[in-house]
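K.L.:
Here it is, the structure, as structure tokens.
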Amino acid sequence: MAADEEGTGVLQIQHIKMCLNAVADEALSLSKSQIISIVSSCDIAHDGSVKYAVFAPVAAEMIYGMTDFASQKKRLDAVTALSSSVGRCRLTPD
């Protein structure tokens, strides 16, 4: 599925949503809330268009952060350490 079928470098927000949904389960294992987060990061013009050159690096970084499990584990460990150091509820990984 191509979001920029005309090769203009401009994407329509509905095409971005369709493409993300198409690859979310199979290739990226993204949840619906993660897709919403990525789409909400778009700098959407008044006509519903998004410049690919602006959107792609932001989306790629977000997706990497969402799928980089080593980084997610580090964040969980940091939150767990913080929560135990301040005497609040203790978080534990599944």
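K.L.:
Scan segment 61-94 residue by residue and report those that are of a type in the set (A, V, I, L, M) and modelled with pLDDT under 80. Please lay out each step first, then the result.
P.N.:
Within segment 61-94, the first condition is being of a type in the set (A, V, I, L, M), and the residues that meet it are 62-63, 66, 70, 76, 78-79, 81-82, 86, 91.
Within segment 61-94, 70, 86, 91 qualify.
K.L.:
Could you tell me how many of the residues in segment 4-51 are in a loop (DSSP other than H, G, I, E, B) and either within 12 Å of the chain's Cα centre (by Cα) or more than 25 Å from residue 68 (Cα to Cα) (or both)? Spell out how you get there, then give the answer.
P.N.:
Here is the first cut: in segment 4-51, the ones in a loop (DSSP other than H, G, I, E, B) are 4-9, 29-31, 41-48.
Filter once more, so that each one left must be either within 12 Å of the chain's Cα centre (by Cα) or more than 25 Å from residue 68 (Cα to Cα) (or both): 4-9, 29-31, 41-42, 44-48.
So the count comes out to 16.
K.L.:
Tell me whether segment 55-76 contains one or more residues that are among the hydrophobic types (A, V, I, L, M, F, W, C), farther than 24 Å from residue 9 by Cβ and more than 16 Å from the chain's Cα centre (by Cα). So that I can check it myself, show each step before the final result.
P.N.:
Step one: list which residues in segment 55-76 are among the hydrophobic types (A, V, I, L, M, F, W, C), which gives 55-56, 58-60, 62-63, 66, 69-70, 76.
From what's left, farther than 24 Å from residue 9 by Cβ: 66, 69-70, 76.
This time we only want the ones that are more than 16 Å from the chain's Cα centre (by Cα), so: 70, 76.
Yes: one or more hits.
K.L.:
Considering 58, 54, 50, which residue is touching a strand residue (DSSP E or B) at 6+ places or on another chain (Cβ under 7 Å), among the aliphatic types (A, V, I, L, M) and at pLDDT 90 or above? Break it down into steps so the answer makes sense when it comes.
P.N.:
Details: 58 fails: touching a strand residue (DSSP E or B) at 6+ places or on another chain (Cβ under 7 Å); 54 fails: touching a strand residue (DSSP E or B) at 6+ places or on another chain (Cβ under 7 Å).
Exactly one residue qualifies, and that residue is 50.
K.L.:
Among (1) modelled with pLDDT under 80; (2) of a type outside the set (Val, Ile, Thr); (3) touching a strand residue (DSSP E or B) at 6+ places or on another chain (Cβ under 8 Å), where does residue 11 come up short?
P.N.:
All conditions pass for residue 11, except number (1).
The values are calculated or read from the model by the stated rules, or taken from the named source; none is laboratory data. All values reported here derive from a predicted model rather than from experimental measurement. Neighbour counts are summed over all protein chains in view; Cβ atoms, including those assigned to glycine, are modelled from backbone coordinates with ideal geometry.
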